[in-house]
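Read through the structure below, which is laid out as structure tokens, and then see the notes.
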Amino acid sequence: MSLLDSWGESLSGITDSIVNGGESLVDAWFESEADKVASAAPEENRPKKEQAQQPTGQPITYAPMNNNMLMIGGGIVVLMMFMMLMMRGK
């Protein structure tokens, strides 16, 4: 019986060391992946660019583009094409 007890204790010691080593390996892998994700932040890795400025040093502000006229013109062209196809079909 003592032989089985010694084998059991040896196996449990080996199993414990394997599990503890595996846990530390997994923890190290998770930490390295977390470091990769943290260092991949684009706002930290992009070079800082200064805004465009005029020769006097004032920053150039860009007005938002207004596409209303393009949309109205495109709609009129589509309506004219539709009307032309309708009149041609008579």
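The values are calculated or read from the model by the stated rules, or taken from the named source; none is laboratory data. All values derive from a computational prediction rather than experimental measurement. As a convention, Cβ positions derive from the backbone with ideal geometry for all residues, glycine included, and neighbour counts pool all protein chains shown.
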- Item | Test for Ser12: is it surrounded by 10 or more Cβ atoms within 10 Å (Cβ to Cβ) and either in contact (Cβ under 8 Å) with a residue 12 or more places away in the chain or of a type in the set (Ser, Thr, Tyr) (or both) | yes
- Task: Output yes when any residue across segment 34-55 is in a helix (DSSP H, G or I), modelled with pLDDT of 80 or more and hydrophobic (A, V, I, L, M, F, W, C), and no when none is.
- Result: yes
